[in-house]
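The values are calculated or read from the model by the stated rules, or taken from the named source; none is laboratory data. A quick note: this is a predicted structure, and the numbers were derived from the prediction, not measured. Quick reminder, even Gly has a Cβ in these numbers, built from the backbone with ideal geometry, and neighbours come from all protein chains shown. All accessible areas refer to the heavy atoms of the entire protein, side chains included, with ligands and DNA or RNA removed. Shrake-Rupley method; radii C 1.70, N 1.55, O 1.52, S 1.80 Å.
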Amino acid sequence: MTYVRACGLGELEEDTPKRVELDGTPVAVVRTEGEVFAVNDICSHANVSLAEGEVDDCHIECWLHGSRFDLRSGKPDSLPATRPVPVYPVKIEGDDVLVSLTQES
């Protein structure tokens, strides 16, 4: 599995998504509940950035229609979204947040 640097750990504010682009793929990186998560930044219901939404209880909410996605699994837990968003493996090395574009789910 190949990991690429997404950002510095110090660049992530708690519960505030950060949008990065890795090899042409938009990714929302989120630090919440003591962990760092990475999901595809495009809502599976509408073509909008999830990084512009809010984070609460390990979920990210699409700002346009209100669908919430679990940051651990990518699965939506509210309509109108019915399809999950891809979740990517994350590891921390020093102050670097590394993400693999190989999907976990």
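List the residues whose amide H sits under 5 Å from the amide H of D96, counting only those 5 or more places along or on another chain, with H placed 1.01 Å from N in the peptide plane.
Close amide H contacts, sequence-distant or interchain: L9.
Rounded to the nearest whole Å², what accessible area per residue is found for the range 1-77 with the 1.4 Å probe?
Computed with neighbouring chains in place, this is 50 Å² per residue.
For T102 and E11, FRET efficiency with R0 = 22 Å and r from the beta-carbon atoms, rounded to 0.05?
0.45
Note the full-extension length gain between D23 and E35 as 0.36 nm times their separation in residues minus their Cα-Cα distance, in nm to one decimal.
Additional length available on full extension: 2.0 nm.
Keeping the other protein chains in place, figure out the carbon and sulfur percent of the accessible area of the chain, with a 1.4 Å probe.
Carbon and sulfur atoms account for 43 percent of the accessible area of the chain.
Taking the Cα centre of the range 1-64 as origin, sum charge times position over the Cβ atoms of Lys and Arg (+1) and Asp and Glu (-1), and report the length of that vector in debye to the nearest 20.
340 debye
Taking the Cα-to-Cβ direction at V4 and at S73 and moving 7 Å from each Cα, how far apart do the two end points lie in nm?
With each label placed 7 Å out from Cα toward Cβ, I get 2.9 nm.
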